[in-house]
Amino acid sequence: MKKAYLAAAVVILVAAGVVGLILGLSPLVEGQVQRGIQSIGISGDGISTQAAVDRVEFSPLSRTLKLYGLRLRGETPQGPISYEVAEVSLRIPLRMLLAYTPLRPLALKDAGMMPVAENIVLRNLALRTPEVRAAVQREEINELRSESELVGRFLDGAPIDALAASYLMGADRAQSYFLSVNMPGKDGLAQLTVKESLVAGWNGPAIEQMRIDDMQSRLNGRESMHMTSFEANGLTLPDIGLLHRLMDAAAMSEDDMDAAVKTLGPIVEEILAAEPPLVRQVRAEGMAFALENGVATVSGAGFDWLSNTPRHTTSYIRDLAVPRQLLQELSGLVMPDLKADMSFESLGLSTASHKKTISIKADSLTDVNCSLTLYDAGVMSGSEQALLLQSFSDLQLTVKDRGALAWLGLNLSHNGRAAAASLHHSLDTGLELDPTPQNKAIREALLTFVQRPGQLEVTSARGQRIGILQLLAALNDPGTLFSCSAVPGKQALEEQINALAAQAAQTSAPAEAAGK
């Protein structure tokens, strides 16, 4: 019986000791968190920052940590910055809790990522810079991880660069709600709002997915753009050293823009050439752009960065739609509703040459397919002479008329014969070409395409590089550079114009009657 009482007493004493140890953790954890926050900053030329927190509360039994009035303020070459969070609540995992005690060497002995916080909720975030005011109502992170070495530095109060620290951290899922950004400018107040955003699969410099839902932009209170969703997959942040060099070069622009541009170019090119690419895939859905006299919409757009060796990218625009009223306001021409799909591809052939492919399909207007090899201008690519040094080769251009020429003719006259004759005469007299067999073939192809719109093909000699100066020199003798052929269409241009004129008359008649 005595042994039972003795055992019970030992258990009670041990339990009391454990409870006492746990309860004694509060000032220990709170003090180390305060000291660690004060050590966080942003490094860079001309940048000085200081972090602080108004109040820290730790509940040892639930392992809940709360921060109130968390802030990072400082000065940059562009002016003052501040980042503030009204309240942060989180739960400390057991291993991380041990790191606050004398058992820290045991808790941090294994290198690599470790959970440092879970069930994280941040409320009322605010960012201010000389150019931007931003706010987030709420942010949630399921579990935050960090390299154990970074944890030790935080608990020791050693200086920590916030940007560099992000390369040593990770989380499975971070969601933000109700983001707003205000940017005053010379044209007025630009505003951006986002209902919800997601970052998934963050692991150091790599992020599996970033997604934004329900994004709107406004200028002086008037909506200018709306996007249902934006998503980027397979992101890789630039090397931290390159990122700091980029920030320093950008800061230089305050004093010497020319020097900044010369410095930025090589850094950006180095970032773009890194493997893996910055982003593997981008998708945007449900876009609407409000212009002065109408709205243009895009069902979807995408970009795929397939590789860097060779550099290979593809992109597309799907279901671009612009109402005829808006087109007519912008161009001053009578036109149909624009409905188009576009695709683009770029494939690196060498360090200085790229094969470009473009495809455009516009209902009731035209189909265009073009491929060529573009050659970089070299060291002058960022100068005013770059255009004169640009060159291309292996041009293959195919244009299939689907009504574009008829609409052009309709703007000249609703009389098909008169409009077709005017276009033919303008082209015939405007083609002042040298009398060679090659130029004769080009003239005949162009005139055939105008008289009976069908398909036009233009090609350049394989491997022959053509520059701007060569193009200017060959204006009267294009046959030295290009060959051209045409396949006539089923209907003459005159017939197509008359058909459009008849449709226009039928459309306008009810409108005129309604107006009387």
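The values are calculated or read from the model by the stated rules, or taken from the named source; none is laboratory data. What you see is a predicted model, and the numbers here were worked out from it, not measured in a lab. Every residue, glycine among them, receives a Cβ derived from its backbone with ideal geometry; neighbour counts consider all protein chains shown. Heads up: the accessible areas ignore ligands, DNA and RNA and are worked out on the full protein's heavy atoms, side chains in. Shrake-Rupley method; radii C 1.70, N 1.55, O 1.52, S 1.80 Å.
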### Elements of type strands (runs of 3 or more DSSP E) contained in segment 96-215, each with 3 or more residues being open to solvent by less than 20 Å² (accessible area, probe 1.4 Å) and over 25 Å from V279 (Cα atoms)
113-128
### Task
Quickly run through segment 476-497 and pick out the residues that are assigned to a helix (DSSP H, G or I) and small (G, A, S).
G479
### Message
Being farther than 16 Å from T436 by Cβ and either of a type in the set (A, V, I, L, M, F, W, C) or modelled with pLDDT under 95 (or both) is the filter here; which residues of segment 466-488 pass it?
### Response
I466, G467, I468, L469, Q470, L471, L472, A486, V487
## Note on the structure
E84 vs (1) touching a Leu at 6+ places or on another chain (Cβ under 8 Å); (2) under 17 Å from R35 (Cα atoms); (3) part of a strand (DSSP E or B): all pass except (2)
## Note on the structure
How many residues of segment 53-80 are assigned to a strand (DSSP E or B) and touching a strand residue (DSSP E or B) at 6+ places or on another chain (Cβ under 6 Å)? The answer is 15
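Quick one: is M210 more than 26 Å from Q34 (Cα to Cα), free of Cβ contacts under 8 Å to residues at least 40 places away in the same chain and within 21 Å of the chain's Cα centre (by Cα)?
Against the criterion (more than 26 Å from Q34 (Cα to Cα), free of Cβ contacts under 8 Å to residues at least 40 places away in the same chain and within 21 Å of the chain's Cα centre (by Cα)), M210 qualifies.
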### Query
For segment 133-141, does any single residue satisfy the condition of being in contact (Cβ under 8 Å) with a residue 12 or more places away in the chain and under 17 Å from Q32 (Cα atoms)?
no
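Of everything in segment 249-269, what is of a type in the set (D, E, K, R) and modelled with pLDDT under 80? Give them in sequence order. Step through it out loud before you land on a result.
Within segment 249-269, the subset of a type in the set (D, E, K, R) is 254-256, 258, 262, 269.
Residues satisfying the conditions are E254, D255, D256, D258, K262.
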### Message
Within segment 452-475, does at least one residue satisfy the condition of being touching an Asp or Glu at 6+ places or on another chain (Cβ under 9 Å) and assigned to a helix (DSSP H, G or I)?
### Response
no
#### Entry: In segment 486-507, the residues that are open to solvent by 60 Å² or more (accessible area, probe 1.4 Å) and touching a helix residue (DSSP H, G or I) at 6+ places or on another chain (Cβ under 7 Å)
P488, E494, E495, N498
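Looking at segment 275-297, can you tell me whether even one residue there is free of Cβ contacts under 8 Å to residues at least 24 places away in the same chain and open to solvent by less than 60 Å² (accessible area, probe 1.4 Å)?
no
Just to be sure, is K400 under 26 Å from L338 (Cβ atoms) and of a type in the set (K, R)?
Numbers: under 26 Å from L338 (Cβ atoms): yes; of a type in the set (K, R): yes.
Spelling it out, K400 is indeed under 26 Å from L338 (Cβ atoms) and of a type in the set (K, R).
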### Query
T313 passes all but one of (1) surrounded by fewer than 16 Cβ atoms within 10 Å (Cβ to Cβ); (2) part of a strand (DSSP E or B); (3) of a type in the set (S, T, N, Q); which number fails?
(1)
## Note on the structure
Per the list (1) surrounded by 16 or more Cβ atoms within 10 Å (Cβ to Cβ); (2) over 35 Å from the mean Cα position of the chain (by Cα), residue check on E57 breaks on (1)
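May I ask you to list the residues in segment 84-95 that are of a type outside the set (V, I, T) and either surrounded by 14 or more Cβ atoms within 10 Å (Cβ to Cβ) or under 20 Å from W202 (Cα atoms) (or both)? Please lay out each step first, then the result.
Step one: of segment 84-95, the residues of a type outside the set (V, I, T) are 84, 86-87, 89-91, 93-95.
Once the filter is applied, which keeps residues that are of a type outside the set (V, I, T) and either surrounded by 14 or more Cβ atoms within 10 Å (Cβ to Cβ) or under 20 Å from W202 (Cα atoms) (or both), segment 84-95 yields E84, A86, E87, S89, L90, R91, P93, R95.
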### Message
If I ask for residues that are under 28 Å from N308 (Cβ atoms) and either assigned to a strand (DSSP E or B) or at pLDDT 95 or above (or both), which ones from segment 228-248 would you list?
### Response
S229, F230, E231, A232, N233, G234, L235, T236
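Return yes when L306 is aliphatic (A, V, I, L, M), out of contact with any Leu (no Cβ under 7 Å at 6 or more places or on another chain), part of a strand (DSSP E or B) and open to solvent by 60 Å² or more (accessible area, probe 1.4 Å) and no when it is not. Give the derivation first.
Details: aliphatic (A, V, I, L, M): yes; out of contact with any Leu (no Cβ under 7 Å at 6 or more places or on another chain): yes; part of a strand (DSSP E or B): yes; open to solvent by 60 Å² or more (accessible area, probe 1.4 Å): yes.
Yes.
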### Query
Restricting to helices (runs of 4 or more DSSP H) lying wholly in segment 319-437: which have 1 or more residues that are over 23 Å from F482 (Cβ atoms), open to solvent by 50 Å² or more (accessible area, probe 1.4 Å) and at pLDDT 90 or above?
324-331, 404-412, 416-430
### Message
Looking only at segment 456-472, how many residues end up being out of contact with any helix residue (DSSP H, G or I) (no Cβ under 8 Å at 6 or more places or on another chain) and open to solvent by less than 60 Å² (accessible area, probe 1.4 Å)?
### Response
8
